[in-house]
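Trainee: One structure, as structure tokens, below. Some questions next.
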Amino acid sequence: MTQPIEDYALIGDLMTSGLVGRDGSIDWLCLPRFDSAACFAALLGDEENGHWRIAPKGAVAGEPCTRRAYVEGTLVLETFWETDEGTVKVTDFMPQRDTAPDVMRIVEGISGRVTVTSILRLRFDYGHVVPWVRRSEGDRVAVAGPDSAWFRSDPPVRTWGEDNSTRSEFTVGPGDQVAFVLTWHPSHEPRPEQVDPYQALRQSLADWRDWSAICTYEGPHREAVLRSLITLKALTYAPTGGIVAAATTSLPEELGGVRNWDYRYCWLRDSTLTLGALLSTGYLDEARAWRHWLLRAVAGDPADLQIMYGIAGERRIPETDLPWLRGYASSAPVRVGNAAVDQLQLDVYGEVLDSLHLARATGLASERHAWKIQLALLDFLEQNWRRPDEGLWEVRGPRRHFVHSKVMAWVAADRAVRALEADPEMPGDMERWRTIRDEVHADVCENGFDAERGTFTQYYGSRELDAATLLIPRVGFLPPGDPRVIGTVDAVRAELGSSGLVRRYSTEGPSVDGLPGDEGAFLACSFWLADALHLTGREKEARALFERLLEACNDVGLLAEEYDPVACRQLGNFPQAFSHVGLVNTAITLAGGAPTGRRSAP
């Protein structure tokens, strides 16, 4: 049974993550990294593709728990079932690892006596490979090729194999606890040292609470803001500081459709907004690590700059299909890797330069080689900003002169000018960049603005609109009170609106993205609209939209990429970092402040 996307909660150890459904089943888990092959892939197939379900005996797959919640300020999930026999709680978490990743599930009796079942189906290589399972040292070990996983319980319970699964059944009364631990490691290495699950839980709670205590935001909806920050932290690959766009691949933008992409990588364009959210809420270490990841990733020939990289800065992310998986809600194909890595998206040059400008402006210690990298990027952009590209939405249709791409080229030149204005001792040709900035600005205003309708368009010569033009006042291209800004906000709201939220662009008729089908309202764009309404003086409308967006969060405060406001369902990869960054930044704006990195027109 396919559970709604919003029925899932996230657990993770800052190197990878899993999704736990409201029925107690972990249906998605990649080990040992975010971008590794999944050993639980039921999310994109069925139970035979791997899952691990713990629930009261007799509860059927898909039957939801009574209630669940994260322990406040943590990524530790507590799920409760109230049955005729009594109440039982399952605590799910992944402790920050020393050497090997562990998934831990602690079952605790609350009242009465409840019989509980655990059904574990390990399927390596995205649900494709059934491992060989044997007993060893009183536990079970599953091996297939390079992968190995150990499964144990404390105290031991009755466990047996059936239908290529490992099953356990036991009864708990008040205060009784049974802990299960699943540990992955390379099959050629010795078994990793065992971790005490109860001590690991105490340490995990303490680690997350200490981290949450750093948060400096004290405005309205603090709980939602902190949950979004915890989610961003959970999507961080700790060894490098890279932040993945989402924990999943191929969750569809339209149920049954083909708009299914792999988001388990790091996008450059997320960098400025993410840095702003982290710096504005006190998370300097995370912001610094993200900046360091960015500098390492973009180092090299500017002509080779990619829009995304692997979590350690890998450049090759080949896209392939997995035909043995039917796809979430039969939304095929299931893809791993992302062919958009090879696209030309000129806006990312502006995003990188804006990010590094923001880092300087907020006092992060500069890297000596960072300015040389920026000079090289500027040289490349000077020669190439007039080219058409695929744009920020990674269209798979023809290249075009996208307005947002040109605006971000302006941002790159503008930030270079501002850097030299702030520090005239830095090497660079300020007048040259001022000239480029003026040329780009004039070009966009002449070719990207529809004077008849009073709005910026999606690309030169088009009548289509693009929600990315909502960022024009935010990046400082034009002041918020400019009639062209107000006209654009009104036009996007009217033509791309979807029950009060906003789509990225129109998918009706011959779509610019070269793909069939439709998609939902894009949550990050809807937060941008709330920001734009605020900037243009429509405070009441901005707050109403923000409240509406908060209602789109699931019961544990998580957001996917998109939302269907008619069916009231989340769509796309989950949880989505871009959506949670939008929530944080808009909350700060509406609280009377401004996210670090908020710009104004020169």
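Values in this text are rule-based calculations from the coordinates and carry no lab data. Just so you know, these numbers come straight off a predicted model, no measurement behind them. FYI the Cβ positions are ideal-geometry reconstructions off the backbone, even for glycines, and counts take in every protein chain you see.
Trainee: How far is helix 430-447 tilted off the main Cα axis of the chain, in degrees rounded to 10, range 0 to 90?
Mentor: Relative to the chain, helix 430-447 is tipped by roughly 80 degrees.
Trainee: Give me P(r) over the range 368-488, computed from all C-alpha to C-alpha distances, binned every 5 Å, as integer percentages.
Mentor: Taking all Cα pairs of the range 368-488, the binned fractions are 2, 11, 21, 22, 18, 13, 8, 4, 1, 0 percent.
Trainee: Continuing with this model, one more query. Quick one: which of 157-167, 527-537, 578-588, 550-560 comes out on top by average Cβ neighbours within 10 Å, and what's the full order, highest first?
Mentor: Those peptides, ordered most packed to least, come out 578-588, 527-537, 550-560, 157-167.
Trainee: Hey, if you put +1 on the Cβ of every Lys and Arg and -1 on every Asp and Glu Cβ in the range 19-171, which of Phe80, Ala144, Ser36 ends up farthest toward the positive end of that dipole?
Mentor: Value computed over the given set: Ala144.
Trainee: Compare the peptides 290-301, 131-142, 240-251, 224-235 by average per-residue count of other Cβ atoms within 10 angstrom and give them in order, highest first.
Mentor: By packing density, highest mean first, the sequence is 240-251, 224-235, 290-301, 131-142.
Trainee: Further question: Give me Rg/Rg_expected for the range 341-405, where Rg uses Cα atoms only and Rg_expected = 2.2 N^0.38 Å with N residues.
Mentor: The reported ratio for this selection is 1.27.
Trainee: Take peptides 32-42, 176-186 and line them up by average Cβ neighbours within 10 Å, highest first, as a rough protection proxy.
Mentor: Ranked from most to least packed, the peptides come out as 32-42, 176-186.
Trainee: Distances longer than 30 Å among the Cα atoms of the chain: what percent of all pairs is that?
Mentor: That tail contains 52 percent of the Cα-Cα pairs.
Trainee: Another question, if that's okay. Angle, helix 403-422 long axis vs. longest principal axis of the chain, Cα atoms, 0 to 90°, nearest 10?
Mentor: Relative to the chain, helix 403-422 is tipped by roughly 80 degrees.
Trainee: For helix 370-384, report the angle its Cα long axis makes with the longest principal axis of the Cα atoms of the chain; keep it between 0 and 90° and round to the nearest 10°.
Mentor: 60 degrees
Trainee: Mean projection of the alpha-carbon convex hull of the range 218-344 over all orientations, in nm²?
Mentor: If you wrap the Cα atoms of the range 218-344 in a convex hull and average its projections, you get 9.1 nm².
Trainee: For Ala524, what charge total do you get from the other residues with a beta carbon under 11 Å from its beta carbon, if Lys and Arg give +1 and Asp and Glu give -1?
Mentor: Around Ala524, the surrounding residues sum to -2.
Trainee: Here's another thing I want to ask about it. In debye to the nearest 20, how big a dipole does the range 222-590 give about its Cα centre with +1 on each Lys and Arg Cβ and -1 on each Asp and Glu Cβ?
Mentor: 580 debye
Trainee: Let me ask you something else. Out of the GluC sites (Glu not before Pro) in the range 183-261, which ones are loop residues according to DSSP with at most 13 other C-beta atoms within 10 Å?
Mentor: Taking the range 183-261 and a limit of 13 other Cβ atoms within 10 Å, the loop GluC sites (Glu not before Pro) found are Glu193, Glu218.
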